[in-house]
1. What are the pairs with Cβ atoms under 7 angstrom where one residue, in the stretch 61-87, is free of Cβ contacts under 8 Å to residues at least 40 places away in the same chain and the other, located anywhere, is open to solvent by 60 Å² or more (accessible area, probe 1.4 Å) and outside any helix (DSSP H, G or I)? Sequence gap at least six, or different chains.
2. Being part of a loop (DSSP other than H, G, I, E, B) and of a type in the set (Val, Ile, Thr) narrows it down to one residue among Thr111, Thr86; which is it?
3. Among the residues of the stretch 51-60, are any within 22 Å of Lys187 (Cβ to Cβ), open to solvent by 40 Å² or more (accessible area, probe 1.4 Å), under 28 Å from the mean Cα position of the chain (by Cα) and modelled with pLDDT of 95 or more?
4. Residues that are closer than 30 Å to Thr172 by Cβ, at least 3 per element: which helices (runs of 4 or more DSSP H) completely within the stretch 1-60 meet that?
5. Among the numbered criteria (1) of a type outside the set (Phe, Trp, Tyr); (2) at pLDDT 90 or above; (3) assigned to a loop (DSSP other than H, G, I, E, B); (4) farther than 30 Å from Gly117 by Cβ, which single criterion is violated by Lys147?
6. With Val120, Val141 as the choices, which residue is under 19 Å from the mean Cα position of the chain (by Cα), aliphatic (A, V, I, L, M) and outside any helix (DSSP H, G or I)?
7. May I ask you to list the residues in the stretch 97-152 that are closer than 23 Å to Ala85 by Cα and among the polar types (S, T, N, Q)?
8. Which of the residues belonging to the stretch 120-145 are open to solvent by 70 Å² or more (accessible area, probe 1.4 Å), touching a residue at least 40 places away in the same chain (Cβ under 8 Å) and of a type in the set (Lys, Arg)?
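The values are calculated or read from the model by the stated rules, or taken from the named source; none is laboratory data. Quantities reported herein were computed from a predicted structural model and do not represent experimental measurements. Heads up, the Cβs are rebuilt from the backbone with ideal geometry, glycines too, and the neighbour counts pull from every protein chain shown. All accessible areas refer to the heavy atoms of the entire protein, side chains included, with ligands and DNA or RNA removed. Shrake-Rupley method; radii C 1.70, N 1.55, O 1.52, S 1.80 Å.
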Amino acid sequence: MEAYISYYYGVKSVNELKEYFRLSYRRQQFMSDYSKTVVKDKEIETYYEDMTIGDITLSWILIPVDATSEDESDIKNKADAEALATAKEVIKKLDAGEKFADMAKKYSKDTATANNGGAVGKVNRGMIADNLIEEAIKLDVNKYSKKPIKTSEGYAILLVTAKDDKPEFNDTTKSSIRETIAAEMVKNDDGTLYLESLEALRSKYSMTFKDSELSEDYTEYMNKQKNSIG
């Protein structure tokens, strides 16, 4: 056990490993909190104007590609073609007047929604795949997608049954947008935000090195980290 954790984590004991995880968690948590403080008001306003939408009440029919990642490419391609053909067939039936709920019960493989006519409920950005929410935004109420939408597991057909108004630009909305932007910053961080948050943490608690040599080593280390990012 000790050899394993030393090789993978650079520590010598289980207790040191626990401390490593504890510190890592606290650093990540502080970076998450710090990221919210650097989100600018203008970014929040722009996000509200360009990205904020009201909840969309959605139903869908999900048709999976019947293949696994271990299958040969020709098997995957055949399964994909079959799923696409099925999705197109469903859309033709909808065009001919078939009810969406009936088609969902018959064709959708999403067991959580199929028996309920494909009803998903209210969705918004971040709740479903980006390409699905973008398609839902474009659809008018009581309209369904006229082309199958590619998903990570197959193809989807969407039906929008209601759209809520865009929320007002108030403190609650601003706070929610700030958290969304901050979470994206953390997710896409190349290391810059992490280093900035560590320096902010040291500044917040007036943390200094009493040993001048250790202080110089730390400064050199941080500069190397910054240069490796740049």
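1. The qualifying pairs are Ala79/Asp66.
2. After ruling out the rest, the residue left standing is Thr111.
3. Looking for residues that are within 22 Å of Lys187 (Cβ to Cβ), open to solvent by 40 Å² or more (accessible area, probe 1.4 Å), under 28 Å from the mean Cα position of the chain (by Cα) and modelled with pLDDT of 95 or more, one finds at least one in the stretch 51-60, hence yes.
4. Details: elements: 2-9, 14-37, 41-50.
Here the list reads 14-37, 41-50.
5. Single failed check for Lys147: (4).
6. Val120 is the lone residue from the list that is under 19 Å from the mean Cα position of the chain (by Cα), aliphatic (A, V, I, L, M) and outside any helix (DSSP H, G or I).
7. Within the stretch 97-152, Ser108, Thr111, Thr113, Asn115, Asn131, Ser145, Thr151, Ser152 meet the criteria.
8. Lys122
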